Amino acid sequence: MAEGETQSPGPKKCGPYISSVTSRTVNLMIRGVVLFFIGVFLALVLNLLQIQRNVTLFPPDVIASIFSSAWWVPPCCGTASAVIGLLYPCIDRHLGEPHKFKREWSSVMRCVAVFVGINHASAKVDFDNNIQLSLTLAALSIGLWWTFDRSRSGFGLGIGIAFLATLITQLLVYNGVYQYTSPDFLYVRSWLPCIFFAGGITMGNIGRQLAMYECKVIAEKSHQE
């Protein structure tokens, strides 16, 4: 190489997810905020559906939002969505198993639509008993994972999220924060873990896609420089 010439730096290698040290904090904050607002929006819409069908009942003194939901539900769901959406790509990166199955926004949107449909079915569809409804929603939730995820880490995290979220919900209902009509699984409905599992898979896919999208932006900027 001739003297005075400098080799142009190539694009930064960040794999399927962001690994740029200098911008990692900013990227995490941006993704966290986006995931938070997505979670808030879904919580408002889905909780409205549950209330309209009298699946969940809140005391009158805590009804404090335009969608007739307790004020603390959307922020809690938004925070949980942000944590889940950031956790999925982080686990993928640490396991060395980048998720590449159906990595496009159209697939993510279809996943969201199926999740909304599962939640709608839990409130709208009438079965002879709760066992049939729970088994149907469990099959739909696993079908959602198989269609849009198929990763062992995604399945494991979904199970963990469903268990932890159901436990927290049991404690909230036990302490009288709100209640479920016709509870058949201690204080809640038996199909609730299926909803949490499907929600975890959905927010995980959104988080993975956001991480991959920002990685592409960083790679393009590095290539232009």
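The values are calculated or read from the model by the stated rules, or taken from the named source; none is laboratory data. As the structure is a prediction and not an experimental result, all values here were calculated from the model. Counting neighbours? That spans all protein chains shown, and the Cβs are built from the backbone with ideal geometry, glycine included. Surface areas here come from the heavy atoms of the whole protein model, side chains and all, with no ligands, DNA or RNA. Shrake-Rupley method; radii C 1.70, N 1.55, O 1.52, S 1.80 Å.
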Filtering region 179-202 for residues that are of a type in the set (Ser, Thr, Tyr) and either open to solvent by less than 30 Å² (accessible area, probe 1.4 Å) or part of a helix (DSSP H, G or I) (or both) leaves a count of 2
Long-range neighbours under 6 Å by Cβ, at least six apart or interchain, first residue closer than 10 Å to PRO75 by Cα within region 26-48, second of a type in the set (S, T, N, Q) and in a helix (DSSP H, G or I) | GLY39/SER81
For region 80-96, does any single residue satisfy the condition of being open to solvent by 40 Å² or more (accessible area, probe 1.4 Å), free of Cβ contacts under 8 Å to residues at least 40 places away in the same chain, closer than 17 Å to MET212 by Cα and not hydrophobic (A, V, I, L, M, F, W, C)?
-> yes
For the subset of region 97-142 comprising residues that are among the charged types (D, E, K, R) and within 23 Å of GLY207 (Cα to Cα), which member is least open to solvent (accessible area, probe 1.4 Å)?
-> ARG103
Within region 143-162, tally of residues that are surrounded by 17 or more Cβ atoms within 10 Å (Cβ to Cβ) and among the basic types (Lys, Arg) = 0
